[in-house]
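Below: one structure, written as structure tokens.
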Amino acid sequence: MKGPSVADMHAGLLEMLRERTGVEPVILSAKAGMGGLDLALCVDEDNHYLLDPVAAGGDTKVLMHKLTCQTIEHLQPLPVQALRDPGRESDAARLDVARYYENDTQEALRAALELPGPDWTLTRALGPNPHEPLVIVRDAHRLPTHMLWELRELAGHRVRLLMLTNDAHRDALNGAEAPFYGNSVWIEMPTLSIMVWKTKLQKEGIQDIAYDSLDALRWHVRHRTAAALEVLERAPDVSPASLASAWFEAVDARMGEARQLVSLADSIHELAPRLLLALAIGRAPYAALPDERSDRIALALRRLLEHGLVEQPAKREWQISDPLLSAALARLLGHTNGVELYPR
């Protein structure tokens, strides 16, 4: 079923982001499943670069490599790897790169085709772009501090800046000792009321969804916009049976990720796999691991929080950040209520 996009659902916020990024750095706080990145990518679809420290595996060289590739692919029509090939097209493309980077051309090509050297910076990777591109930073709290300070220097005269994070990491970006203290605006991505949902869906021609069905879906995804839209998109119609089936499919699509997470989570902390499975079925972390020291559990929770895998909805409460992933983890343990839209 074709429904609205995250940008449609948060049209007012999208306009605010377009306005504010032209004035000052913006920090957008969005919970997992809200669709913060989807929204950010709509702010300036034609003139943006994405910095994603998680996709780069925390490796700053890989991060700089990806940024340089994006910059070069904005300059000319060929994919970066095609610049290795002989021929008139690649010669013309390399000439475009040389005109842009000038004295930095060889370093830029090395950074894009291989890996950058130790002195290759964000400033050099972005080059002398006269059009003030929008730099979107996913999980900005995961960037090294020196990169955050460099982005602060670039913001306002070289780039527009939109950083994504969540409330747990506010101090790292906007606290009194943070790089963007006093030099940014903090914006929360809001949850939407059921009346907003009804209005937006009706505009897309989805007229007949029952109030109770929509309310149940919103509750299961913890009112996260993108997660709810994913379920709706999988449903052929708005009947309760179709929505329940679509919820099951959306959870099923997370099963591979859930299995991989459980198998790799011990690289975050030895207790992480057990904690993730416990939280997925609603158990309190300290009660779920009574044989472990509380300081070890606290450390494991902090590390899971740093990786964006868990969140605290209230003091002393913990849950898996992504509601669909949480249901998939619960399903691994045979808890069927974790994957039923209308549990018995």
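Summary table
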| item | result |
| --- | --- |
| Lone qualifier among 126, 95, 113 - being at pLDDT 95 or above, assigned by TED's automatic domain parsing to the domain that holds residue 161 and under 24 Å from the mean Cα position of the chain (by Cα) | 126 |
| Those residues of region 249-270 which are of a type in the set (Lys, Arg) and not in a helix (DSSP H, G or I), in sequence order | 254 |
| The listed residue being farther than 22 Å from residue 321 by Cβ, of a type in the set (Lys, Arg) and in contact with a strand residue (DSSP E or B) (Cβ under 7 Å, 6 or more places away or on another chain), out of 160, 152, 138 | 160 |
| Per-region count, region 116-143, residues touching a Lys or Arg at 6+ places or on another chain (Cβ under 8 Å), surrounded by fewer than 18 Cβ atoms within 10 Å (Cβ to Cβ) and more than 26 Å from residue 39 (Cα to Cα) | 1 |
| Residue 161, sole failed condition from (1) under 20 Å from the mean Cα position of the chain (by Cα); (2) under 26 Å from residue 314 (Cα atoms); (3) surrounded by 14 or more Cβ atoms within 10 Å (Cβ to Cβ) | (2) |
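Yes or no, residue by residue, for (1) of a type in the set (A, V, I, L, M, F, W, C); (2) within 30 Å of residue 211 (Cβ to Cβ); (3) in the same structural domain as residue 168 (by TED's automatic domain parsing):
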{"position": "242", "(1), (2), (3)": "no, yes, no"}
{"position": "248", "(1), (2), (3)": "yes, yes, no"}
{"position": "267", "(1), (2), (3)": "no, no, no"}
{"position": "274", "(1), (2), (3)": "no, no, no"}
{"position": "279", "(1), (2), (3)": "yes, no, no"}
{"position": "288", "(1), (2), (3)": "yes, no, no"}
{"position": "302", "(1), (2), (3)": "no, no, no"}
{"position": "322", "(1), (2), (3)": "no, yes, no"}
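The values are calculated or read from the model by the stated rules, or taken from the named source; none is laboratory data. Note that the structure is predicted; figures quoted are calculated from it, not measured. All Cβ positions, even for glycine, are placed from backbone atoms using ideal geometry, and neighbour counts span all protein chains on display.
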